[in-house]
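What follows draws every value from the coordinates through simple rules; no lab data is involved. Predicted model, so just to flag it, every value in this text is computed and none were measured. Using ideal geometry, Cβ is built from the backbone for each residue, glycine included, and neighbour counts are taken over all protein chains shown.
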Amino acid sequence: MKVVIAIDGSKFSKEALQWYLKNVHKTDNKVILVHVTDHLHNFAYNTSIIPGDPELIQLAYQEEEHKAKAIMDEMNDFISKNQVDGEVVRVFGHPGHQIVKKAHDVEADLVLTGSRGLGTIRRTVLGSVSDYVIHHSNVPVIVCQHQ
């Protein structure tokens with residue numbers, strides 16, 4: 001079975017990965033850990049960039065690249081340590097769309113994602129990656145929600 005697991009470096013995605021290993025994983029599964037970088041979203045919502053300031057934009061971009069590399073390294077170590085047949089891939093764009101696209105491209109049998117547990121208003125305004133994946137995936141989706 002091919003399984004796509006969305007990884008963003010948060011405690012929620014790490015808990016989802018642990019849940020997968022404990023409850024779903026079989027040794028013959030192929031696991032594709034997907035990390036999505038969405039520079040447009042990060043620049044629009046999570047930074048205090050002054051529009052048009054190239055220096056601040058470059059610093060924010062470098063910070064995102066550093067975070068992505070750290071996540072990729074951590075997930076590659078996780079695969080090795082847990083002897084999982086898998087790979088870590090990085091894609092760019094809207095997270096929900098890219099996760100669904102990767103699952104389609106690799107002909108995944110299952111998609112697994114964590115949930116940050118956004119409130120109703122925040123989820124409505126910002127959108128939820130897990131909601132997007134549930135509604136657009138053509139394969140079963142497991143959303144792990146933790147306390």
Handout entry: Label-point separation in nm, Leu59 to Gln145, each point 7 Å along Cα→Cβ
Key = 3.8 nm
Handout entry: For Thr37, net neighbour charge (Lys/Arg +1, Asp/Glu -1) across residues whose Cβ lies under 12 Å away
Key = -2
Handout entry: Estimated inter-spin distance, Asp109 and Asp85, nm [label 7 Å along Cα→Cβ]
Key = 1.1 nm
Problem - Net charge of Cβ neighbours under 14 Å - reference Lys22; Lys, Arg +1; Asp, Glu -1 - result: +1
Exercise for the section: With label points built 7 Å along Cα→Cβ from the Cα atoms of His66 and Leu21, find their separation and express it in nm. Expected result: 2.8 nm
Handout entry: Candidate lysines - alpha carbon under 25 Å from Lys2, same-chain residues fewer than 8 apart omitted
Key = Lys11, Lys14, Lys22, Lys26, Lys30, Lys69, Lys81, Lys101, Lys102
